[in-house]
1. Averaged over B:41-48, how many beta carbons belonging to a partner chain fall within 10 Å of each residue's beta carbon?
2. Calculate, for A:Thr20 and B:Thr5, the FRET efficiency according to 1/(1 + (r/R0)^6) with r their C-beta to C-beta distance and R0 25 Å; round to the nearest 0.05.
3. Express the carbon and sulfur contribution to the solvent-accessible surface of chain A as a percent, rounded to the nearest whole number, probe 1.4 angstrom.
4. Whole number please: convex hull volume per residue of the Cα set in chain A, in Å³?
5. Using label points projected 7 Å from each Cα along Cα→Cβ, tell me how many nm separate A:Asp82 and B:Lys57, to one decimal.
6. What is the interface area between chains A and B, defined as buried accessible area summed over both chains with a 1.4 Å probe, reported in Å² to the nearest 100?
7. Report which residues of segment A:4-19 become buried by 50 Å² or more of accessible surface when going from the isolated chain to the complete set of protein chains (1.4 Å probe; DNA, RNA and ligands ignored).
8. Going highest first, how would you order B:3-15, A:28-40 by mean Cβ packing within 10 Å?
Amino acid sequence: ELKVEQNPLFLSMQEGKNYTIYCNYSTTSDRLYWYRQDPGKSLESLFVLLSNGAVKQEGRLMASLDTKARLSTLHITAAVHDLSATYFCAVDWAGGTSYGKLTFGQGTILTVHP
Amino acid sequence: IAGITQAPTSQILAAGRRMTLRCTQDMRHNAMYWYRQDLGLGLRLIHYSNTAGTTGKGEVPDGYSVSRANTDDFPLTLASAVPSQTSVYFCASSSGSRPDTQYFGPGTRLTVL
């Protein structure tokens with residue numbers, strides 16, 4: 001059974017600071033997704049990481065994947081209030097040429113304070 | 001606007017009743033999925049469909065059934081609702097090929113009393 005664990009689960013940050021969210025998973029996979037969810041809303045895709053060493057950046061967020069360590073990170077640079085949300089990582093366990101069987105982490109609730 | 005619609009937005013249901021949650025996408029995606037979201041547990045896959053006419057079980061399929069008669073629609077049925085099925089239900093779709101990003105609908109909040 002694939003387990004996906006995020007830490008921390010709660011993160012309170014000051015504006016302007018940097019921090020990293022970690023996503024560990026238990027089974028070999030080279031497909032990992034990061035999503036953002038605002039309160040009461042649906043999930044929005046942030047990043048798709050499909051190979052070892054993949055790094056993607058968008059604005060103040062940067063995601064990376066280390067398949068050997070079974071670890072992905074979501075790094076936040078110079079946080080701003082608009083980044084307050086819940087962030088999920090999800091690992092695809094379908095395997096081979098199939099996709100779409102995602103197991104999600106518990107989510108990290110990020111709050112950015114002035 | 002292209003996307004996924006779900007109905008109803010929210011529902012309160014008596015235990016033992018039958019309920020169908022509707023999901024429609026207009027992106028011509030091959031694959032569709034149903035998840036439930038519970039506090040502290042993230043999202044868990046209930047059922048999926050890789051293409052019209054086929055379905056499969058996810059992590060938590062018990063008590064739920066699905067059908068995929070065409071590309072656009074993927075209804076989720078609770079044959080006899082129980083309180084533990086109180087949750088927020090999200091439908092998602094994807095192209096079915098790399099990178100296969102899943103796009104999520106707005107969700108249905110279901111309360112079973």
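The values are calculated or read from the model by the stated rules, or taken from the named source; none is laboratory data. In this text the structure is predicted, and so the values were computed from the model without any measurement. Reconstructed Cβ throughout: ideal geometry from the backbone, glycine too, with neighbour counts over all protein chains shown. These accessible areas exclude ligands, DNA and RNA; they are computed on the full protein's heavy atoms, side chains included. Shrake-Rupley method; radii C 1.70, N 1.55, O 1.52, S 1.80 Å.
1. On the way: counts 4, 12, 11, 3, 7, 0, 0, 4.
Across the residues of B:41-48, the mean count of other-chain Cβ atoms within 10 Å is 5.
2. On the way: r = 36 Å, r/R0 = 1.44.
Plugging the Cβ-Cβ distance into 1/(1 + (r/R0)^6) gives 0.10.
3. Details: 2740 of 5470 Å².
Carbon-and-sulfur percentage of accessible area, whole number: 50.
4. Values: hull volume 10.8 nm³, N = 114.
Convex hull of Cα atoms, per residue: 94 Å³.
5. Going from the A:Asp82 label point to the B:Lys57 one covers 4.5 nm.
6. Details: alone 6350 and 6130 Å², together 10760 Å².
It comes to approximately 1700 Å² buried between A and B.
7. none
8. Details: B:3-15: 13.8, A:28-40: 17.9.
Highest-to-lowest ranking by the protection proxy: A:28-40, B:3-15.
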